[in-house]
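The values are calculated or read from the model by the stated rules, or taken from the named source; none is laboratory data. If you're wondering where the values come from, they're calculated on a predicted model, not measured in any experiment. Here the Cβ positions follow ideal geometry from the backbone for every residue, glycine too, while neighbour counts run over all protein chains shown.
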Amino acid sequence: MSYNNLIYTIEDRVNTISINRPDKLNALNIETFSEIDHAIKSSVSNPEVRLIIITGVGDKAFVAGADIKEFVNFTMEQGFELSESGHKILTETIENCPKPIIAAINGYALGGGLEIAMACHLRVASENSKMGLPEVSLGVIPGYGGTQRLAQLIGKGRALDMIMTGKMIDAEKALDYGLINYKTSPEQLMIFTKELTEKILSNSSNAIKHAIKSVNANYQDGLNGFEIEMNEFGKCFETKEFVEGTSAFLNKRKPDFN
Ligand code: CO8
């Protein structure tokens, strides 16, 4: 598949989406976030893909934020629309994707960049990464779900500290805060992420899909997460992967979910 601002590859059941505007520190213009949405939806409907990695091209940035040049002259209405479309076609697509999405953070993850990473199901960051929501320094606030997901991940006090100061934190601090799941050296980032994908892919993709939906339900208004869990639990039974997983256990062998 070819995109103007992404490199899209599929290998060993893993789709890697690399945001490719390194001379702009992979800043997200509207075309890029539409392409990410399209790329994820293509992978969801592609049975060859079971897991997605999002990363940035180059050694400096994952994504340094929304492209400031694009919204600098916006009206209030356009600002609202930009935020709304970012939610609907970017971060919600990522968060609700039935296939696991891992952010491999390889440098600056700022503003909209950190918001993409926070919408992913897991985050691995290299030691040279810097993460922050500096929007208030521009006179605006995080608009792609950052005010909600940062507080969900690290707690309200730390989230407000990061948002009001606009400060960047390094991977060590992000790990301590629970903002990222794992920290690696820059050289190990993709190697470690690949190992993590193998571990996840050794499990039932069908069960993982139901687990993602159940966990997300806790953060969605009007949904009772416990009820969703009961329903999703029930849907696992009688499936090919449930039969494989349970019979492998009973026969003392490893399950084969391929
Ligand atoms: N938007 C547009 N261009 C950018 C961005 C960005 N977010 N970040 C970097 N660039 C560009 C620079 O303009 C520069 O381009 P050029 O060479 O043409 O001048 C190039 O990338 C390299 O950047 P620097 O020269 O600045 O590199 P440094 O190493 O000196 O600095 C920094 C790196 C510290 C990351 C610096 O680039 C920076 O502060 N960038 C902006 C970070 C930021 O504020 N991000 C948040 C943006 S706002 C946002 O994401 C809101 C999301 C929600 C929107 C909802 C609707 C409003």
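Might you check whether a residue that is of a type in the set (Gly, Ala, Ser), under 19 Å from the mean Cα position of the chain (by Cα), away from the ligand (no atom under 14 Å from the Cβ) and assigned by TED's automatic domain parsing to the domain that holds His121 occurs anywhere in the stretch 11-18? Within the stretch 11-18 (the criterion being of a type in the set (Gly, Ala, Ser), under 19 Å from the mean Cα position of the chain (by Cα), away from the ligand (no atom under 14 Å from the Cβ) and assigned by TED's automatic domain parsing to the domain that holds His121), the answer is yes, since at least one residue qualifies. When the stretch 90-100 is limited to residues that are out of contact with any Phe, Trp or Tyr (no Cβ under 8 Å at 6 or more places or on another chain) and under 21 Å from Thr147 (Cβ atoms), the one that is farthest from the ligand (Cβ to nearest atom) turns out to be Asn96.
Just one of the listed residues (Val63, Val44) is among the β-branched types (Val, Ile, Thr) and away from the ligand (no atom under 16 Å from the Cβ), namely Val44. Filtered by the rule that a residue be aliphatic (A, V, I, L, M), under 12 Å from Leu110 (Cα atoms) and near the ligand (Cβ under 8 Å from one of its atoms), the stretch 124-143 gives a lone residue, Leu133. The residues listed here are Ile191, Ile208; of these, the one that is of a type in the set (Val, Ile, Thr), surrounded by fewer than 18 Cβ atoms within 10 Å (Cβ to Cβ) and assigned to a helix (DSSP H, G or I) is Ile191.
Of everything in the stretch 144-166 that is over 16 Å from the mean Cα position of the chain (by Cα) and in a loop (DSSP other than H, G, I, E, B), the residue that is farthest from the ligand (Cβ to nearest atom) is Gly155.
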